Amino acid sequence: MLTAQRMRTLPPYIFAEISQEVRTLERQGRSVIDLGISDPNQPPRPSVSRALCEAANTDSSHRYPPSQGTDALRRQIADWYRRRFHVDLDPDREVLVTLGSKEALVHLSLAVVDADGLVLVPDPGYPAYFMPHALFGFDQATVPLTPRNGFLPVVSLVHAGDLERAQLMFVNYPNNPTGAVASREFWNDLVREARRWDFVICSDLAYADLVYEGRAVSVLEIPEARSVAVESITFSKSYNMQGFRLAAMVGAEEILDALWRVESQINSGVYSAIQAAGVRAILEGPSPEVLESYRARRQLLGQGLTDLGLEFEWPRGAVYFWVTIPAGWSDSETYANHLLHEAGIAITPGTAFGPSGADHIRVSYTRPLNDITQALSKWKIMRNTAPLASK
Ligand SMILES: Cc1ncc(COP(=O)(O)O)c(C=O)c1O
């Protein structure tokens, strides 16, 4: 056996697996509409791509970038926090540029969790939150997100023994996969619990700009959060820059310093031309047309799923519907497989987001209206012809 024991249970990243399966079907001549991964189809603003090219053509762009991120980008991020949330950040000590948010979220655990510590992970939750356990062997305890609690974690329901050992909690609003949005009161209470039990809050604000009801709140709006919380923002969803791999972690200085030390040992920062494009993206803001397109897609897909008789709560933010699988299907993977192979629609089985997803699927709307319309009509045909044997 040439691989480590942990590889016996470590699957590939679910979305890499789905994409591979989609490509295999496409090579066989099948057409597949991918509502699985959230991979925004619209490009960044032309000015952002231009900024990238211009910066790439300067003399020094090939050099290693500063490992905390360029001064210009860190300053822009701090300005954005001030404009957006009235939060003052010191760009030198409270902003760290990262190579996308996924890897920084996983690496954060190396910076704040001891070998005998524990990570609190929302269930359902973004798959990367489960990686500190799967990759580094940290214990984890799942915190259920249920419709009864507005898909918000209730710390008082977590076992006291787990809270005593907890050193990190991942929290994500607007939420993937449920679409829930959290209020300032929620964050206030959570910060109090984090201070009481002495764990770090990592707020994942990936969908800061994709909110349809209410608003995205930053944990850093709570003054006491400054000692216990960090927040992750990404350029992937707001600016359609997911392939650029550009994000930042902001907040508690001590935690960011530890994360910077981990990151600086593992990677060598983000290409400076990409950071220059990030400066342009923040200066111009998300495109209003792109934001409007998400509203239209949400409306079309939500109506279509309702017409199919499926059950879900309308998402208040992010780009997903978290849908209960229809009665008669044993589990989300069987249903997802059937949708892929019989109807040519890729969606994500809920189990990708934790044990509670066994009876859910996640349908994303990062594809154009046309694709969503086509997927819905294929779905309708499949519903009418689904063989009883597979139910
Ligand atoms: C909640 C959440 N956090 C983080 C990410 C990762 O974003 P990035 O492209 O910055 O790695 C995603 C991507 O879908 C996400 O849904």
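The values are calculated or read from the model by the stated rules, or taken from the named source; none is laboratory data. Keep in mind the model is a prediction, meaning the values are calculated, not measured. In this analysis, Cβ positions are derived from the backbone assuming ideal geometry, glycine residues included, and neighbour counts consider all displayed protein chains.
For region 350-369, residues that are assigned to a strand (DSSP E or B) and touching a residue at least 40 places away in the same chain (Cβ under 8 Å) total 4. Inspect region 105-123 for any residue being part of a helix (DSSP H, G or I), of a type in the set (G, A, S), within 13 Å of the ligand (Cβ to nearest atom) and free of Cβ contacts under 8 Å to residues at least 60 places away in the same chain and give the result as yes or no. No; the residues of region 105-123 include none that is part of a helix (DSSP H, G or I), of a type in the set (G, A, S), within 13 Å of the ligand (Cβ to nearest atom) and free of Cβ contacts under 8 Å to residues at least 60 places away in the same chain. Of everything in region 231-284 that is of a type in the set (S, T, Y) and part of a helix (DSSP H, G or I), the residue that is nearest to the ligand (Cβ to nearest atom) is S236. If you scan region 137-175, which residues turn out to be closer than 14 Å to Y126 by Cβ and free of Cβ contacts under 8 Å to residues at least 24 places away in the same chain? Result: Q140, single match. Among the residues of region 312-329, which ones are under 26 Å from K237 (Cα atoms) and either in contact with a helix residue (DSSP H, G or I) (Cβ under 9 Å, 6 or more places away or on another chain) or in a loop (DSSP other than H, G, I, E, B) (or both)? F312, E313, W314, P315, R316, A318, V319, F321, W322, V323, T324 - these are the residues of region 312-329 that are under 26 Å from K237 (Cα atoms) and either in contact with a helix residue (DSSP H, G or I) (Cβ under 9 Å, 6 or more places away or on another chain) or in a loop (DSSP other than H, G, I, E, B) (or both).
Just one of the numbered conditions (1) in contact with a helix residue (DSSP H, G or I) (Cβ under 7 Å, 6 or more places away or on another chain); (2) closer than 30 Å to P43 by Cβ; (3) buried (at least 24 other Cβ atoms within 10 Å of the Cβ) is not true of N176: (1). Is there a residue being exposed (fewer than 14 other Cβ atoms within 10 Å of the Cβ), of a type in the set (S, T, N, Q) and modelled with pLDDT of 95 or more anywhere in region 270-280? No, there is no match, as no residue in region 270-280 is exposed (fewer than 14 other Cβ atoms within 10 Å of the Cβ), of a type in the set (S, T, N, Q) and modelled with pLDDT of 95 or more. Could you pull out the residue among V262, V270, V323, V319 that is outside the structural domain of Y212 (by TED's automatic domain parsing) and either in contact (Cβ under 8 Å) with a residue 60 or more places away in the chain or within 26 Å of S61 (Cβ to Cβ) (or both)? Unique residue meeting the criteria: V319.
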